[in-house]
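Shown next, in structure tokens, is the structure this report addresses.
The values are calculated or read from the model by the stated rules, or taken from the named source; none is laboratory data. Because the structure is a prediction, the values reported are computed rather than measured. Cβ sites come from the backbone with ideal geometry, for glycine too, and all protein chains shown count toward neighbours.
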Amino acid sequence: MIKKLMLFSVLSLAFAAGCGEKKADPAKIDEATKLIAAKDFDKGIAMIDDLGKASPSDELVKKAQVDGHLKYANFLMYESLLPPKEKYPSALRQYRLVASIDPSNGEAKDNIKLIEGIYNQMGRPIPQ
């Protein structure tokens, strides 16, 4: 009985390992990260989000997604020359994406509260 149980456990682990999702190519993650660092946000984030769809539990991809969306949100919020009515909703969307990937991200949560507070002070509806 113990031998059958051990064999079942080994076969279950082998099956689970064989059926696991494929890890993302680290070179692709690096390429996307470099694009984001060069402020080519549209291309870099599209790449990293595609990798996230293909490998949703890959921790390296999740980290790259959080970093990329956070850099883009901070760029929109603090560096872009967009008028407030364009930058705040765009930055808010990016911060919300970060919070959905990493609910414990304090920077994203703080900036979501900041932007929502700005809208509340202006008596305007908060963008969704």
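Quick notes
- Restricting attention to the stretch 32-62, the residues being touching a helix residue (DSSP H, G or I) at 6+ places or on another chain (Cβ under 8 Å), closer than 30 Å to Arg124 by Cα and not aliphatic (A, V, I, L, M) number 1.
- Only residues that are surrounded by 15 or more Cβ atoms within 10 Å (Cβ to Cβ) and hydroxyl-bearing (Ser, Thr, Tyr) were counted across the stretch 54-73, and they come to 2.
- Pairs, first closer than 8 Å to His69 by Cβ in the stretch 87-101, second assigned to a helix (DSSP H, G or I) and of a type in the set (Phe, Trp, Tyr), C-beta under 8 Å, six or more apart: Gln94/Tyr72
- Hey, Leu97 within 25 Å of Asp25 (Cα to Cα) and surrounded by 20 or more Cβ atoms within 10 Å (Cβ to Cβ) or not: yes
- From the list Ile36, Ile29, the lone residue that is touching a Gly at 6+ places or on another chain (Cβ under 8 Å) and either at pLDDT below 95 or crowded, with 19+ Cβ neighbours inside 10 Å (or both) is Ile36.
- If only residues of the stretch 77-128 that are touching a Phe, Trp or Tyr at 6+ places or on another chain (Cβ under 8 Å) and of a type in the set (Val, Ile, Thr) are counted, the one that is farthest from Val61 (Cα to Cα) is Ile118.
- Residue ID - nearest to Lys34 (Cα to Cα), chosen from residues in the stretch 63-97 that are touching a helix residue (DSSP H, G or I) at 6+ places or on another chain (Cβ under 6 Å) and of a type in the set (D, E, K, R): Lys71
- Single residue of the stretch 1-25 satisfying the filter (exposed (fewer than 12 other Cβ atoms within 10 Å of the Cβ) and either within 30 Å of Asp67 (Cβ to Cβ) or in contact with a Gly (Cβ under 7 Å, 6 or more places away or on another chain) (or both)) that is modelled with the highest pLDDT: Lys22
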